[in-house]
Amino acid sequence: MASANTFLRQQPLLQLLQQTDGEISAQELHQRLRATRHRAGLATVYRVLKQLQQAGIVRCRKLPSGEAVYAPVDRDEHHLTCVQCGHIQTLPLCPISSGSLGLGVVVMQGFRPLFHTFEIHGLCRRCQQNEISGNV
């Protein structure tokens, strides 16, 4: 069971995540916390994000740069990422919903999912056009 002290560290960070559109890095969360009365260090921000992930409240996704970004799990967003220009496009629906890819089979095998990410890496239309026209 989480202590009251842990809860006090998690609440401001979770509120910031919920108020933020899209995904946000731990560094950006740390900067926003510093702008408030909550003075958590960067290591604490990472520790709390990990706790929130383990509780199934927050999800994490790695950008092509290697940076991790976070969002509440109720924002079920998935992405197409261009490996050439870095453009990221959000998919309009979840391709991993319980019926699509057999998430039920995973659950039946004794695995309890907390969150998921789905990302396809490839070339966006603009980069494909540039490739065809020789502007690479």
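The values are calculated or read from the model by the stated rules, or taken from the named source; none is laboratory data. The structure displayed is predicted, hence computed values, not measured ones. So basically every Cβ, Gly included, is an ideal-geometry build from the backbone, and we count neighbours across all protein chains shown.
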Answer with yes or no whether residue 75 is assigned to a loop (DSSP other than H, G, I, E, B) and exposed (fewer than 13 other Cβ atoms within 10 Å of the Cβ). no
Could you list, in sequence order, the residues of segment 89-98 that are at pLDDT 80 or above and within 13 Å of residue 117 (Cβ to Cβ)? 90, 91
Output the number of residues of segment 36-72 satisfying the condition of being surrounded by fewer than 16 Cβ atoms within 10 Å (Cβ to Cβ), among the aliphatic types (A, V, I, L, M) and at pLDDT below 85. 1
Among (1) at pLDDT below 80; (2) part of a loop (DSSP other than H, G, I, E, B), where does residue 86 come up short? (1)
Can you go through 33, 17 and tell me which one is surrounded by 17 or more Cβ atoms within 10 Å (Cβ to Cβ), touching a residue at least 12 places away in the same chain (Cβ under 8 Å), in a helix (DSSP H, G or I) and over 18 Å from the mean Cα position of the chain (by Cα)? 33
Out of the residues in segment 36-55 that are in a helix (DSSP H, G or I) and in contact with a helix residue (DSSP H, G or I) (Cβ under 7 Å, 6 or more places away or on another chain), state the one that is farthest from residue 113 (Cα to Cα). 42
Filter result for residue 101 (outside the structural domain of residue 21 (by TED's automatic domain parsing), surrounded by 11 or more Cβ atoms within 10 Å (Cβ to Cβ), at pLDDT 75 or above and within 27 Å of residue 69 (Cα to Cα)): no
Here the residues within segment 20-30 that are part of a helix (DSSP H, G or I) and of a type outside the set (D, E, K, R) are 26, 27, 29, 30
